[in-house]
Structure formats: C-alpha cells, structure tokens
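Below is one structure, written out as structure tokens; comments come after it.
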Amino acid sequence: MKKNNQKDKSTSFVGHLTELRSRLVKSFIFLILLFIGCYFFSTEIYRFLVQPYANAVLTENLDRRLIFTALHEAFLTYLKVAFFAAFFISSPFFLTQLWKFIAPGLYKDEKKALLPYLVATPTLFIMGGCIVYYLIMPLAIKFFLGFETVAEPGVIAIQLEAKVNEYLSLIMRLIFAFGISFQLPVILSLLARIGIINSEYLRSRRKYFVVIIFAMAAILTPPDPITQIGLALPLLLLYELSILTVKFIEKKENA
C-alpha cells in the first residue's frame, strides 16, 4: 500500500512537470512567433519609442538626428526592438499559462485571492512604462539637452549626437526597470498574505524602505536626478499604498 502511494505521488509529480514543460514550451513558441511578427513592424515600433526624443527636439526647434556607427548596429537595434515588443505583448499570455498551471491545485477562496494579483501585475507594469514614456523620458531629454553649448568665437559648440542603439537601450531598460519596480504593492501584499510581514512592520520600517527605494532608483536609472527622482517618488507612493492594502487584507482576514 505504501509503495502504491509513493508510486502515485511520483506519477503525479512527473505529470506536473510534464504540464509545466508543456506550458513553458507554448509560451516560448508564442514569444518566438510574436518576435517574428514584431520584426516586420519594427520600424513602426522604433518610431514609437523614438517619439519622446523627437518631440523634445522639435519643441526646442533643434536640428538633431540619431546615428549609428557600426554596419550591423541598426540591424541589431531592430532585433532588440522586436524582441522588446514581443516580450511585452506576450507577458499576459505567460501569466495566463502560469494561472492555468496553478489554478487546479487551489481552493475556490485561494483562486479569488490570487486572481487580483494576475490582473494587477501587468496593469502596474504598463503604468510604469507609461510614466517612463510620457513623463520621465521627455524631462530627462530636455535636462540633457540643456548641457549643449552654442559655437562662439574661441568656443567649440557641444551638440548631442545620440546613437540610436544607446537611446533605445536606455528607454527599454527604463521601461523594464519602472515596470518591475511598480510590482512593489503586489510583492508586499503577497508577503502579507503568507504571514511574513504586516502593516505595522511596514509602518515601523518606513524610513529604511525610503533609503532602499532611493538606492534602488540610483542603481536602476542613469546618473541624473530626473530619472532617479522620477522612479523614487512613485515607489514611495506605492509603498504607502501597500501599507493600506496590507491593512485591508488584515481586516478582511480577521473579520
């Protein structure tokens, strides 16, 4: 009887691994197909990502361009842009596959508790990306353009000749950095649900989290005050929101 139980557990474990592998393979295939499709639209995606730079330049009535200095640089840039778009679009599909894998083993109440996090995760990621695209990048570009100097007698002009690869790497890195950082309420809420932290813990250690948030902002962003403060301030607001969310969870569990 004991051997049969062990055999059933082993079979069940292998079955779970097989299902997990199947869902990961589906996600990977979907990502590859999206990557191929996005490559055909990489020019449009590129123009969309460059628009904050173009708007800042046009607003200042400047004659600027983006350059590449290696023969293969533009081609690799389009590949990066296509992969970035494919990864961004495929994220909900990956979360759906993860949910389908986990859901059968959860009770009804656990499913209700987990489902909001699956909705909040991509929503917060998109919010972080939008803040980068519509607020942080325009401000940062204007800040950096402010260091240009005009040619004068005896003075050489200093003008920005941004490389397309470096610009796109910067904005894509910032979108990922903000998107991942904006998962703070999700992470803290999950930690509260499993009993690792509580609202009193978050309130009493607020000053330490403030230091950690500013240190994280300094690491994840370029060395300029615009992007660092632009990441730190929303995270501070999200941290305060997390305290309220954890407090709500505690009241609901104690009711």
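The values are calculated or read from the model by the stated rules, or taken from the named source; none is laboratory data. This is a predicted model, so every value here is computed, not measured. Here the Cβ is made from the backbone with ideal geometry for all residues, glycine too, and neighbour counts use every protein chain on show.
Considered as a group, the residues in the stretch 165-213 that are more than 22 Å from the chain's Cα centre (by Cα) and of a type in the set (A, V, I, L, M) include one that is nearest to residue 137 (Cα to Cα), and that residue is 202. For the stretch 184-221, taking the residues that are among the hydroxyl-bearing types (Ser, Thr, Tyr) and free of Cβ contacts under 8 Å to residues at least 60 places away in the same chain, the one that is surrounded by the most Cβ atoms within 10 Å (Cβ to Cβ) is identified as 221.
Is it the case, given these coordinates, that residue 56 is in contact (Cβ under 8 Å) with a residue 60 or more places away in the chain, over 26 Å from residue 24 (Cα atoms), surrounded by 15 or more Cβ atoms within 10 Å (Cβ to Cβ) and of a type in the set (Gly, Ala, Ser)?
yes
Could you list all residues from the stretch 222-250 that are surrounded by fewer than 16 Cβ atoms within 10 Å (Cβ to Cβ), modelled with pLDDT of 90 or more and of a type outside the set (A, V, I, L, M)? Once the filter is applied, which keeps residues that are surrounded by fewer than 16 Cβ atoms within 10 Å (Cβ to Cβ), modelled with pLDDT of 90 or more and of a type outside the set (A, V, I, L, M), the stretch 222-250 yields only 240. Considering only residues that are free of Cβ contacts under 8 Å to residues at least 40 places away in the same chain and within 16 Å of the chain's Cα centre (by Cα), look in the stretch 91-105 and name the one that is surrounded by the fewest Cβ atoms within 10 Å (Cβ to Cβ). My answer is 92. When 40, 30, 75 are checked against the criterion of being at pLDDT 85 or above, more than 21 Å from residue 133 (Cα to Cα) and surrounded by 15 or more Cβ atoms within 10 Å (Cβ to Cβ), 30 stands alone in meeting it. Scanning the stretch 13-35 for residues that are of a type in the set (Val, Ile, Thr) and farther than 12 Å from residue 84 by Cα returns 14, 18, 25, 29.
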